[in-house]
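Heads up, the thing below is written out as structure tokens.
The values are calculated or read from the model by the stated rules, or taken from the named source; none is laboratory data. The shown structure was predicted, so the numbers you read here are calculated from the model rather than taken from an experiment. All Cβ positions, glycine included, derive from the backbone under ideal geometry; neighbour counts span all protein chains shown.
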Amino acid sequence: MFRIRKIYDDTTAANRTAIRQVTQIMQRQFPRTTPEDIDKLPKQLHDPLKYRYRSILFVAEDAQYNVKGFALLLHMSDLNFCLLELISAAPGRTGGGVGSVLYESVRDEALSLRTMGIFFEVSVDDAAICPDAEALKQNIARLRFYEGYGARPIINNNYPKPVKPGDTNLYYLVFDDLGRGKLPRRDVTRKVVRAILEREYGDLCNEEYILSVTESFKDNPVVLREPRYIKGGVFPLAVPPPPALRPIALIVNEGHVIHHVRERGYIQAPVRLSSILKELHKTSLFSKIEAQTFPEKFVTAVHDKDYVNYLRRACVGLPPGKSIYPEVFPVRNTSRPPKSMPLRAGYYCIDPFTPLNHNAYLAARGAVNCALTGCDAILAGHHFAYALVRPPGHHAESRAFGGFCYFNSSAIAANYLSDIGRVAVLDVDFHHGNGTQEIFYKRSDVFTLSIHGHPNYVYPHFSGFEDELGSDYGEGYNVNYPLPEHITVERYQKTLARALKRVLDYKPDFLIIALGLDTAKGDPTGSWPLQSGDFQRNGAMIGALGLPTLVVQEGGYKTRTLGINARHFFEGLWQGYQAKIGQGALAAKRKPRP
């Protein structure tokens, strides 16, 4: 199994590792690769102005970030076309569909950029020019592959003309119209050819050569070669939808039941999830996927190892159906925690009403698996993913549980994605996400924002104040919006608009929403007036950002309206994004043709 990930720069460790593996594939699969070619790759990702195009690197990688193949797409926006510079599977991976998935991802990208199509070079399949039988066989296989997508060489031109006499390393210029059935005009094609030769081969091709090649394109529009290798004619794939139009990936934590003593934990009833699912099934927005199991290292990357070990051992040691609650909080001598597992609960807990029981650890790990599966769904091309989980997580700090939270799923997901790009976490639960704030308080690669009831009157009471702005490297990267006990919907949405403006200013690659639905009217833990239409508007505002977004379920306890509010939020999220890409399409239509 592998996923496709887009890389725009080499600013993160994961991107640098991927780029290094790509260059190794280049050296093995393309023997003519020079040290200059290797050095150029990260530079062209960094500096589109210098090269006069934007580079997008697609990598097919497994869960351990081992690159199985890559494609390098150049977007020349001034002429509204894409050039596929390189595409290759790793050595020894001729099967497994890597090439097909990469090429289809490239087509998706070119389509979403609203370009006229993709141009690229393929070595000629003419035996008179390519006498090497093995090389000729490979050239034929490549052209057969592209014919399956309707991409064929442009004929009646001198593009395969050798730069130097005797050169047999010659290429056709191939065009893929992305299934539209529309070929470029002669004047447009000449500009494209000049751009390719100047920007890619300017050090090899003089002006006389460039002019002789560009002027040789005389057909208007250009003509593609008749199919040679696909029996019965060409069967181009239907134009795939942009990745954003994939359904919302829905990942549900199935093993979420945790026993609570009614007097303490009754609001955390398991029916919360079923009430949400019942409403989501009324829409066609979701595609359910199974949660994958992730190693514990992703948990201990965020949470203290001693805390994780304690939680596992304490929960395993409790008989099914029995819950214990913290009673002793050893704040006066934290260096000497009690030896008894039940008594030590207070050493790792921030309140007296969050239980430990046999399933608490397992349920919390299940929630983490759901959130990380949602991350992988986004990396694989889903624009939205929803981890519908119990228990929640945003109150869990690096070494403490509380507020019915054991592991901070949102923070673990944010940390996971931060290896790939910048992440913003927006917490819209009625209660402040003290755990998320504490975990990232000294970091700048994860921007944390929270809209919540003022801690003077709302749990957890000790964090969420407006002057908590982060420290060290994280100074300025934590923003709190504590609001009064009673507010209007208008005030809430003005605050949300301010928070979303800060998110856009940060320019993240990913957005995580810690979705608390306890801001609803009548919620037993809240005091705000939001109703279903308000949640739909909130979702639309977030969707209009256009950011790949993981939604992780936090609070929300009025079960009669919980599912309705969740459904309206996601309908708004979808509609907001659809409106945004619709505006982009309208803007593209209004642009003058090249």
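Using the structure shown, decide if Gly522 is assigned to a loop (DSSP other than H, G, I, E, B) and within 27 Å of the chain's Cα centre (by Cα). So Gly522 does not fit the description; no. Residues that are of a type outside the set (Lys, Arg), surrounded by 15 or more Cβ atoms within 10 Å (Cβ to Cβ), farther than 19 Å from Glu397 by Cα and in contact with a strand residue (DSSP E or B) (Cβ under 8 Å, 6 or more places away or on another chain): does the range 463-478 have at least one? No, every residue in the range 463-478 fails to be of a type outside the set (Lys, Arg), surrounded by 15 or more Cβ atoms within 10 Å (Cβ to Cβ), farther than 19 Å from Glu397 by Cα and in contact with a strand residue (DSSP E or B) (Cβ under 8 Å, 6 or more places away or on another chain). Of all residues in the range 399-446, those satisfying the criterion of being in contact with a strand residue (DSSP E or B) (Cβ under 7 Å, 6 or more places away or on another chain), within 19 Å of Phe465 (Cα to Cα), part of a loop (DSSP other than H, G, I, E, B) and not β-branched (Val, Ile, Thr) are Asp429, Phe430, His431, His432, Gly433, Tyr441. Considering Leu449, Leu469, Leu496, the condition of being without any contact (Cβ under 8 Å) to a residue 12 or more places away in the chain, on the phi < 0 side of the Ramachandran plot and of a type in the set (A, V, I, L, M) is satisfied by Leu469 alone.
Scanning the range 173-204 for residues that are modelled with pLDDT of 90 or more, out of contact with any helix residue (DSSP H, G or I) (no Cβ under 8 Å at 6 or more places or on another chain) and within 22 Å of Asp126 (Cβ to Cβ) turns up Phe175, Thr189, Ile196.
Out of Lys231, Lys218, one residue alone is part of a loop (DSSP other than H, G, I, E, B) and free of Cβ contacts under 8 Å to residues at least 40 places away in the same chain. It is Lys231. Being crowded, with 18+ Cβ neighbours inside 10 Å and assigned to a helix (DSSP H, G or I), is that true of even one residue in the range 76-86? Within the range 76-86, not a single residue is crowded, with 18+ Cβ neighbours inside 10 Å and assigned to a helix (DSSP H, G or I).
Hey, can you tell me all the residues within the range 112-126 that are aromatic (Phe, Trp, Tyr) and over 30 Å from Lys580 (Cα atoms)?
Phe120
Could you tell me which numbered condition Arg199 fails, if it satisfies all but one of (1) farther than 24 Å from Ile140 by Cα; (2) more than 33 Å from the chain's Cα centre (by Cα)? Every condition holds for Arg199 apart from (2).
Say whether the condition of being closer than 21 Å to Asp78 by Cβ and not in a strand (DSSP E or B) is met by at least one residue in the range 160-176.
Pass one, the range 160-176, residues closer than 21 Å to Asp78 by Cβ: 173, 175-176.
After this cut, where a residue has to be not in a strand (DSSP E or B) as well, the list is none.
No, every residue in the range 160-176 fails to be closer than 21 Å to Asp78 by Cβ and not in a strand (DSSP E or B).
Does the range 17-43 hold any residues that are of a type outside the set (Gly, Ala, Ser), part of a helix (DSSP H, G or I) and touching a residue at least 12 places away in the same chain (Cβ under 8 Å), and which are they? Working first, answer last.
From the range 17-43, those of a type outside the set (Gly, Ala, Ser) are 17, 19-43; that's our starting set.
From what is left, the residues that are part of a helix (DSSP H, G or I) are 17, 19-29, 35-43.
Answer for the range 17-43, where residues must be of a type outside the set (Gly, Ala, Ser), part of a helix (DSSP H, G or I) and touching a residue at least 12 places away in the same chain (Cβ under 8 Å): Thr17, Ile19, Gln21, Val22, Thr23, Ile25, Met26, Arg28, Gln29, Ile38, Leu41, Pro42.
If you go through the range 346-369 and pick out every residue that is in contact with a helix residue (DSSP H, G or I) (Cβ under 7 Å, 6 or more places away or on another chain) and within 23 Å of Arg3 (Cα to Cα), you end up with 2. Consider the range 413-431 and keep the residues that are out of contact with any Phe, Trp or Tyr (no Cβ under 6 Å at 6 or more places or on another chain), farther than 18 Å from Ser398 by Cα and among the β-branched types (Val, Ile, Thr). The one that is modelled with the lowest pLDDT is Ile420. For the range 525-554, a residue qualifies if it is of a type in the set (Gly, Ala, Ser), over 24 Å from the mean Cα position of the chain (by Cα) and under 22 Å from His394 (Cα atoms), and the qualifying residues are Gly526, Ser527.
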